[in-house]
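The values are calculated or read from the model by the stated rules, or taken from the named source; none is laboratory data. Note that the coordinates shown come from a computational prediction; the quantities given were computed from them, not determined experimentally. Neighbour counts run over all protein chains shown; Cβ positions are idealised from the backbone, glycine included.
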Amino acid sequence: MLSDTLVDSPQFTVRVRDRGQMTIPSKLRESLSIDKGDMLTLVQMGKGFYLASRPLRTYKLSDKIADMMEEEGVTLTDLLEDLPKIREEIYQEQYGQETS
């Protein structure tokens, strides 16, 4: 999702009108294939927001993972227990050296 964002991505300025309405510039609508009547997803991120042209699956996915963990009797503590070891393995695999 956000990994597709480039530092040199175009930026657009929009004005919020009386009823909270704003116009998405036509260039952006065209590049994202947003058409009249399409539903967008707005997610608050700190003091900003992310506007997605398709529904986010994060909430459904996290609920599904939580259900699977419960069925298997796995807790978050169980998952986090090996995290330092796994991070070290990934770091060694990526960079061929131990973390400092």
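Checked against (1) of a type outside the set (D, E, K, R); (2) in the same structural domain as residue 12 (by TED's automatic domain parsing); (3) at pLDDT below 90, residue 26 passes all but a single condition, namely (3). Figure legend. Inter-residue proximity from the range 80-100: first residues modelled with pLDDT of 90 or more and surrounded by fewer than 10 Cβ atoms within 10 Å (Cβ to Cβ), second residues of a type in the set (Phe, Trp, Tyr) and not in a loop (DSSP other than H, G, I, E, B), beta-carbon distance below 6 Å, spacing 6+ or different chains. No pairs are indicated. Before we move on, is residue 55 modelled with pLDDT under 85 and touching a Lys or Arg at 6+ places or on another chain (Cβ under 8 Å)? No. Those residues that are of a type in the set (S, T, N, Q) and surrounded by 11 or more Cβ atoms within 10 Å (Cβ to Cβ), I need them from the range 48-68; list them, please. Passing the criteria: 53, 58. So is residue 45 surrounded by fewer than 10 Cβ atoms within 10 Å (Cβ to Cβ), within 22 Å of residue 10 (Cα to Cα) and aliphatic (A, V, I, L, M) or not? Yes; evaluated as a whole, the condition is true for this residue. Among the residues of the range 56-100, those identified as of a type in the set (Asp, Glu) and within 29 Å of residue 42 (Cβ to Cβ) are 63, 67.
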